[in-house]
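Encoded as structure tokens, the structure appears first; notes follow it.
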Amino acid sequence: MVRSPDGDASRADADAEDQPPSLAWYDEIPGSLCGPEDGAWPRPFTKLDASEAWNGLSAASGPRSLDYGTGGRWRADAINFQPFPGAVNQDRYAMQRLDIRGRTWTVTAVFDGHLGDATVHHAAYHVPIIIREFLEDIDLKHRGRVVPPPLIADVFSSAIRAFDDAIANDVLELFPGGLDAAMRMPDEQIQSILNDQARGGKNFKRARLCMYGTTALVALVDPDHKNLWLANLGDCQGVMVSETAPQVWSYEVLTRVHNGENAHEVERVRREHPGESECVVDGRVLGAIAPFRCIGDTPFKQPPEFTRRILYNLFPGNSNTSPWEEFLVRNITPPYISSTPEVTHFPLDPSQGSLRKYLILCSDGFTDICGQHQRHVVERWLRSMDTPGDASQGPSNAALRLLWQGLGGEPVGVSRTLTLDLDVPWMDDITIVVQSL
């Protein structure tokens, strides 16, 4: 039975036929990527009991935790979720303690990759490292004195920009004389330099990072727990929930999306490229890509010859360059995508006593499943955190509990998401990190 365009008549027919509870329509899957064109609906799923649903969700999302202080008060919980077994998850997260001259800073981050997973994996591993290096440098210059928060914000931003700059520069260094030299080389010579898989693949791996990109949302907390800095590139989201009195909570979205929905971002790109009417087309940079700020995506940051001479020669080659050329012909005065994060500083109160505060970092997959009800989802999650003795949900991982609530907060909704019988992905990757502050 295929659902009719308006859906109402078919749904009524299904109800009349005593549709079993283990069938789902496409619009019953939260944040669904699928639609009526993806086969016959409703689709079967396996109905799990509460314990099975919780254990299945836990197994599929790999929950992890890291203590950021003594006594478990300051910690971070994380999950990374994609229910379709045939999909490559392009989300990542990072949770690290950074030892700077015997004092512990913390870095927590969410990354949402696109086009491939090489660059997002690289970013999740290396961004905390370069932040540590920049913090060590500024601490050394100040000889252990307290560094003002605005200067930390500048250092934080510089670290992320330097990391992104290195992605293209590491490739250009393979060609003495840079891009100008590469433009004079025959394809065979460029290919011999780049495609060195038989010699360990170092050059190939460097160049491959230029093909893909990732958004990033990175949180930095100082050793005294008095300051939080958020560095945002793209469309991940940061939310702060704070207990103002026992079990009374405030809710604040801390970030803005950097895409075509943000008029300020569109205006920024147009202002940086005057006279170029196609720098933004249909809400996308050069008509091709949604995020206006991100790591990687080198074809939007380098002259078009970088892509044509270098990336086109990267194994296995590119027999169909027309999708690339559609935006490369608009690439006149790069860069069009910014690697400068929007850094925001938030004072913290380490003497807040027993009142709780949580920072939620998530990829847009989580905001998709919540839709317009995200605040309600978070409120349900906060109530669930105060409900002891729920044997079905085992050890407490705040991010896993939040994912459970986002998927409906009950076994049937989670069962639909976990076990839907469909041969294409039905939801975006989801990453959540919850940090107690």
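Please identify, among D164, D117, D139, the residue showing maximal mean-square fluctuation in a Gaussian network model of the chain using a 10 angstrom Cα cutoff.
Comparing D164, D117, D139 in the GNM, the peak value goes to D139.
Go ahead and set up a Gaussian network model of the chain, Cα springs under 10 Å, then flag whichever of C370, C236, C34 fluctuates most.
Comparing C370, C236, C34 in a Gaussian network model of the chain, the most mobile one is C34.
According to the square roots a ≥ b ≥ c of the eigenvalues of the Cα gyration tensor, what is the shape class of the range 151-242, taking rounded for a/c under 1.5, prolate for a/b larger than b/c otherwise, and oblate for the remainder? Show your work: numbers first, answer last.
Numbers: a/c = 3.27, a/b = 2.73, b/c = 1.20.
Verdict is prolate for the range 151-242.
Calculate the radius of gyration of the Cα atoms of the chain to one decimal place, then report Dmax, the largest Cα-Cα distance, as a whole number, both in Å.
Answer for the chain, Rg first and Dmax second: 23.7, 76 Å.
Spelling out what I want: for every residue of the range 274-284, take phi, set θ = phi - 60°, compute 6.51 cos²θ - 1.76 cosθ + 1.60 (Karplus), and round to whole Hz; glycine and proline get x.
So the Karplus estimates, Gly and Pro as x, are x, x, 9, 5, 9, 5, 10, 10, 6, x, 10 Hz.
Rounded, prolate or oblate: pick one for the range 60-120, where a ≥ b ≥ c are the square roots of the eigenvalues of its C-alpha gyration tensor, a/c under 1.5 means rounded, and failing that, prolate if a/b is larger than b/c, else oblate.
Judged from the Cα gyration tensor, the range 60-120 comes out oblate (a/c at least 1.5, b/c at or above a/b).
Amide H of W41 versus every other amide H placed in the peptide plane: which residues, excluding those fewer than 5 positions away on the same chain, fall under 5 Å?
R3
Where a ≥ b ≥ c are the square roots of the eigenvalues of the C-alpha gyration tensor, would you call the range 315-398 rounded, which needs a/c under 1.5, or, failing that, prolate if a/b is larger than b/c, or oblate?
Because a/c hits 1.5 or more and a/b exceeds b/c, the range 315-398 counts as prolate.
If the chain between S22 and E326 were fully stretched, how many nm would it gain, using 0.36 nm times the residue separation less the Cα-Cα distance? Display every interim value, and only then the final one.
On the way: separation 304, 0.36 × 304 = 109.44 nm, distance 4.48 nm.
Stretched out fully, the S22 to E326 stretch lengthens by 105.0 nm.
Could you pull out every residue, at least 5 positions away or on a different chain, whose amide H is within less than 5 Å of the one on C236? Hs are placed 1.01 Å off N in the peptide plane, and Pro or chain starts have none.
For C236, the qualifying residues are A216.
Taking a point 7 angstrom from the Cα of R184 along the C-beta vector, which residues in the range 298-317 have backbone N less than 20 Å away?
It comes to 303-311, nothing else.
Could you give each residue of the range 195-203 its phi-based ³J(HN,Hα) in whole Hz, using Karplus coefficients 6.51, -1.76, 1.60 with θ = phi - 60°, and x for Gly or Pro?
Calculated HN-Hα couplings, in order: 8, 9, 4, 5, 10, x, x, 4, 5 Hz.
Which far-off residues, 5 or more places away or on another chain, put their amide H under 5 Å from the one on L286, with H placed in the peptide plane?
Amide H neighbours of L286: V280, V281.
Which three lengths, in whole Å and largest first, does the range 284-437 cover when its Cα atoms are put on their principal axes?
Largest first, the range 284-437 extends 61, 47, 29 Å along its Cα principal axes.
Return the FRET efficiency for the residue pair R101, Y125: r is the Cβ-Cβ distance, R0 is 22 Å, and the value is rounded to the nearest 0.05.
Working from the Cβ atoms, E equals 0.40.
How big is the range 292-350 by the Kirkwood estimate over distinct Cα pairs, in Å?
13.5
How do D196, D364, D165 rank by accessible surface area computed with a 1.4 Å probe, from largest to smallest? Can you show the working numbers first?
Working: D196 10, D364 35, D165 80 Å².
Accessible-area ranking of D196, D364, D165, largest first: D165, D364, D196.
Using θ = phi - 60° and the Karplus form 6.51 cos²θ - 1.76 cosθ + 1.60, what ³J(HN,Hα) does each residue of the range 426-437 get, whole Hz, x for Gly and Pro?
10, 7, 6, 4, 10, 10, 9, 10, 10, 10, 7, 10
The values are calculated or read from the model by the stated rules, or taken from the named source; none is laboratory data. If you're wondering where the values come from, they're calculated on a predicted model, not measured in any experiment. As a convention, Cβ positions derive from the backbone with ideal geometry for all residues, glycine included, and neighbour counts pool all protein chains shown. All accessible areas refer to the heavy atoms of the entire protein, side chains included, with ligands and DNA or RNA removed. Shrake-Rupley method; radii C 1.70, N 1.55, O 1.52, S 1.80 Å.
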